[in-house]
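Take a look at the structure set out below.
The values are calculated or read from the model by the stated rules, or taken from the named source; none is laboratory data. On a predicted model such as this, the values are computed, not experimentally measured, just so you know. Heads up, the Cβs are rebuilt from the backbone with ideal geometry, glycines too, and the neighbour counts pull from every protein chain shown.
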Amino acid sequence: MTVIEDALRSGRQSLTEYESKQFLATFGISACLETLVSDAELATAAAEAIGYPVVLKVCGATLSHKTEVGGVALNLRTAQEVHHEAERLLRIPGCEGLLVEEMVKGDRELVCGLVRDPQLGPCVMFGLGGIFAEALDDAVFRVAPLSKNEAIEMMLQIRGAKVLAEFRGQAQVNMEAMAGILVALGRVGAECETIQAIDINPVKIRRDGTPVVVDALITLVAAKAQPALNPATTESRVESSARHPLFPFLEPESVAIVGASASPGKAGYELVRNILANEFRGKIYPVNPKGGDILGLRAYQKVSDLPSGVDLGIVILPAAGTAQALRDLTAKGVRNVVLLAGGFAEVDEAGASIQQELVDIIRTTGVRVLGPNTSGHTSTPHCFTSAFFPLGKIRRGSVSVIAQTGNFATHTMRHILADEHFGVCRVLGIGNKIDIDETDALELLASDPETRSIVMYLESFKRPRRFLEVAREVTRRKPLVMLKTGTSETGRQAAIAHTAAMASEDRLIDGMLRQAGVVRIANYTDLILSVKALSMLPLPAGNGVSFLAPSGAMLVSLTDLCCRLDLSVPTLSPATVNRLQEISPAYLRMRNPVDIWGSAGVHGVEFAYREGMEAALKDPAVDAVASVFMLTRANGVPSSYQFVLDLVEKYPKKPILISFSAENECAEECRAFLEPRGVPTFSEIEHPFEALSILMRCQRAMNRPQDEAVATTAGR
């Protein structure tokens, strides 16, 4: 890396195009034929050797964007043209030499590169290139290093991926060769900390599909020491074992509640009431300066009065009293603490000062802390919660939730308990995550045999590279769905390279989540939808969907929705079509999707839906069935919805989802029968398809191709 060291010693922030290409060649990234010359005569000789037509470019340490100074001459076909343009270019201020290059033939131009993000570290970029790279803004990112499978997947993700196929008589892009360039860029990022960004624009595609680097720019940054890991979150704290070090948060045997209250309506009172309502079988020690009795439990006046060996401390005091309570608990030997109060760094400087005091206590004592600014956590297999919102008994389920928000454990949970029929397994509100962060929580749930699926709400990552490493492994065993908010592009940075200019924070995060096998959702409603779908349905084997509806408009609209959601509406087998035709009026031509209302008018609603759904479920091309039940008293309703349960039992590997049209009273009766028995229903006819899309993406992520070994780097 002598060329980089020389450039940094001379105070330069970038390499010339020639230096950039020479450096990239050491990593196996080859450029087009070219020669660096110093005068017009040598340029003419080089052009003769390369073969016409050729391109001339100015080359100099200060000439990053050559086209802006008129520093490029294209398609030169004679010695006279080369000599004339060479003399012109050499007069441009800052020109230190000329690059003579072959004129690469091919209509397609791509861009790729590398950018070093403050949190994620080196990230590889790929997209549509040329002079309109930023205008087209069609680019995707992955965290470096990356595998060949990840490189190919990211290429297929761009909106303009069709240009990678056969194009205007030109061959398909050599995907292996292009992936090799991206993988090599990942290696550069992982091994060369002094490189801030690499811009390869364009990568021209020859007519035979071969990618060739035509232009390249490397920008530099002085070497920086890797940030130290937070002592409270180092790898040694989460070493693999049969029982995760944080497991006492999920299954404590004894709990001290500092700030418990005997006054109904206060948070300290509701917390104790929630614990009792969930029938926690461990020991409960309320702490209140007044002592006395709280909901039938003896209250201790001071933490120091508590018996020894308390597993978990919960502090529900104003922010100002939290630090002393934490000191008192650690002095008593409590090693795991939940801090529920708000009013810290999220509010003002005074709160930030208190939060720093808490961090100092954690570093000094080694106590593990969840929060602050959290609404608590829940562990239904252990009949326990630290939530202070009035909830009562929380239903048990198989899906666990990690939430960087207080509302999931409060009013969202209240909605689930009041209006839904599924439950939760564990809920971890990580709050300001001064100690336990999203990666710690994910590692904990990954080791939890009770957790079958994980759903996350995050606003920021504390250790994104470590999260990627953990999630990559978790998502092959358990579905992981995430709502990541804060997607605005205010963090977009102006830079010399296209790569850095297009590297918005959300694009980098999106690339990381795809690499990790995380299914990303876009709306808060999808958060609840994801928990419901993962709680009540199997993952489909594929994306083939058949659906039954009583309206042609619904069939067309929902087919369009399936296309947007990457769900297939497959052609049904002749046997399936024949069966559907048998139960339908002759004037209807049956296909997928299924217009069921003609059959319902002839045979009745129950017969039509039962036989139509079973015909679709039998079809080998169908992986899931959704039905829009049209229910009215006037047209008749099924005498029983047991037939749906029978179909679920008969086809256990194919998700069955129900939505409704017509009378809400009839829909509620159906819902009241099916949902407590494990069949999900939806008020909105689009929601079953959105749920299926989430499940299908989970299935794909869990069964994605195994990556070849990818080296991990520091900077977690």
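General observations
- Pair list, Cβ under 6 Å, 6 or more apart: segment 402-414 residue in contact (Cβ under 8 Å) with a residue 40 or more places away in the chain, other residue of a type in the set (Gly, Ala, Ser) and part of a helix (DSSP H, G or I): Ile402/Ala441
- Among residues that are within 18 Å of Ser14 (Cα to Cα), in contact with a Phe, Trp or Tyr (Cβ under 8 Å, 6 or more places away or on another chain), surrounded by 14 or more Cβ atoms within 10 Å (Cβ to Cβ) and not hydroxyl-bearing (Ser, Thr, Tyr), Cys59 is included.
- Complete set of residues in segment 442-455 that are crowded, with 20+ Cβ neighbours inside 10 Å and touching a residue at least 60 places away in the same chain (Cβ under 8 Å): Glu443, Leu444, Asp448, Ser453, Val455
- Subset of segment 277-293 [touching a Phe, Trp or Tyr at 6+ places or on another chain (Cβ under 8 Å) and under 12 Å from Thr385 (Cβ atoms)]: Asn278, Phe280
- Matching residues, segment 105-128, being of a type in the set (Val, Ile, Thr) and either modelled with pLDDT under 95 or over 30 Å from Arg77 (Cβ atoms) (or both): Val115, Val124
- Of the residues contained in segment 16-31, none is found to be more than 30 Å from Arg507 (Cβ to Cβ), surrounded by fewer than 18 Cβ atoms within 10 Å (Cβ to Cβ) and of a type outside the set (Ser, Thr, Tyr).
- Test result for Leu24, within 20 Å of Gly129 (Cβ to Cβ), assigned to a helix (DSSP H, G or I), hydrophobic (A, V, I, L, M, F, W, C) and modelled with pLDDT of 95 or more: yes
- Looking only at segment 421-435, and only at residues there that are aliphatic (A, V, I, L, M) and over 20 Å from the mean Cα position of the chain (by Cα), the one that is farthest from Phe682 (Cα to Cα): Ile434
- Whichever residue in segment 265-309 is under 37 Å from the mean Cα position of the chain (by Cα) and hydrophobic (A, V, I, L, M, F, W, C) and, among such residues, is farthest from Val369 (Cα to Cα): Ala277
- From the list Val625, Val605, Val556, Val644, the one residue that fits, being within 33 Å of the chain's Cα centre (by Cα) and surrounded by 16 or more Cβ atoms within 10 Å (Cβ to Cβ), is Val625.
- Gly392 vs. criteria in a loop (DSSP other than H, G, I, E, B), assigned by TED's automatic domain parsing to the domain that holds Ala331, at pLDDT below 95 and surrounded by fewer than 23 Cβ atoms within 10 Å (Cβ to Cβ): no
- The helices (runs of 4 or more DSSP H) found entirely in segment 551-619 that carry 1 or more residues being in contact with a Pro (Cβ under 7 Å, 6 or more places away or on another chain) and under 21 Å from Arg633 (Cα atoms) are 597-603, 605-618.
- Residue ID - surrounded by the most Cβ atoms within 10 Å (Cβ to Cβ), chosen from residues in segment 559-600 that are among the β-branched types (Val, Ile, Thr) and closer than 19 Å to Glu690 by Cβ: Val569
- Restricting Ile131, Ile158 to residues that are surrounded by fewer than 24 Cβ atoms within 10 Å (Cβ to Cβ), over 27 Å from Leu74 (Cα atoms) and either touching a residue at least 12 places away in the same chain (Cβ under 8 Å) or of a type in the set (Phe, Trp, Tyr) (or both) narrows the list to Ile158.
- Options Ala323, Ala260; residue that is in a loop (DSSP other than H, G, I, E, B), free of Cβ contacts under 8 Å to residues at least 60 places away in the same chain and surrounded by 17 or more Cβ atoms within 10 Å (Cβ to Cβ): Ala260
- Taken together, Ser530, Ser546, Ser551 contain a single residue that is assigned by TED's automatic domain parsing to the domain that holds Glu611, crowded, with 19+ Cβ neighbours inside 10 Å and among the polar types (S, T, N, Q), which is Ser546.
- Val347 among the aliphatic types (A, V, I, L, M) and closer than 23 Å to Asp305 by Cα: no
- When Ala47 is tested against (1) part of a loop (DSSP other than H, G, I, E, B); (2) farther than 26 Å from Gly180 by Cβ; (3) not hydroxyl-bearing (Ser, Thr, Tyr), only condition (1) is not met.
- Positions within segment 674-708 being of a type outside the set (D, E, K, R) and outside any helix (DSSP H, G or I), in sequence order: Gly678, Val679, Pro680, Thr681, Phe682, Ser683, Ile685, Asn703, Pro705, Gln706
- Ala151 meets all of the listed conditions (1) under 26 Å from Thr35 (Cα atoms); (2) within 25 Å of the chain's Cα centre (by Cα) but one, namely (1).
- For segment 135-145, a residue qualifies if it is more than 14 Å from Arg507 (Cα to Cα) and at pLDDT below 95, and the qualifying residues are Ala135, Leu136.
- Out of Pro307, Pro381, sole residue that is modelled with pLDDT of 95 or more and either outside the structural domain of Arg281 (by TED's automatic domain parsing) or in a helix (DSSP H, G or I) (or both): Pro381
- Lone qualifier among Ala341, Ala352 - being in a helix (DSSP H, G or I) and either among the hydrophobic types (A, V, I, L, M, F, W, C) or in contact with a helix residue (DSSP H, G or I) (Cβ under 8 Å, 6 or more places away or on another chain) (or both): Ala352
- Segment 408-462, residues that are of a type in the set (Ser, Thr, Tyr), touching a Phe, Trp or Tyr at 6+ places or on another chain (Cβ under 7 Å) and at pLDDT 95 or above: Thr439, Tyr457
- Condition met for Ala701 (buried (at least 22 other Cβ atoms within 10 Å of the Cβ), within 21 Å of Leu565 (Cα to Cα), in contact (Cβ under 8 Å) with a residue 40 or more places away in the chain and not β-branched (Val, Ile, Thr)): no
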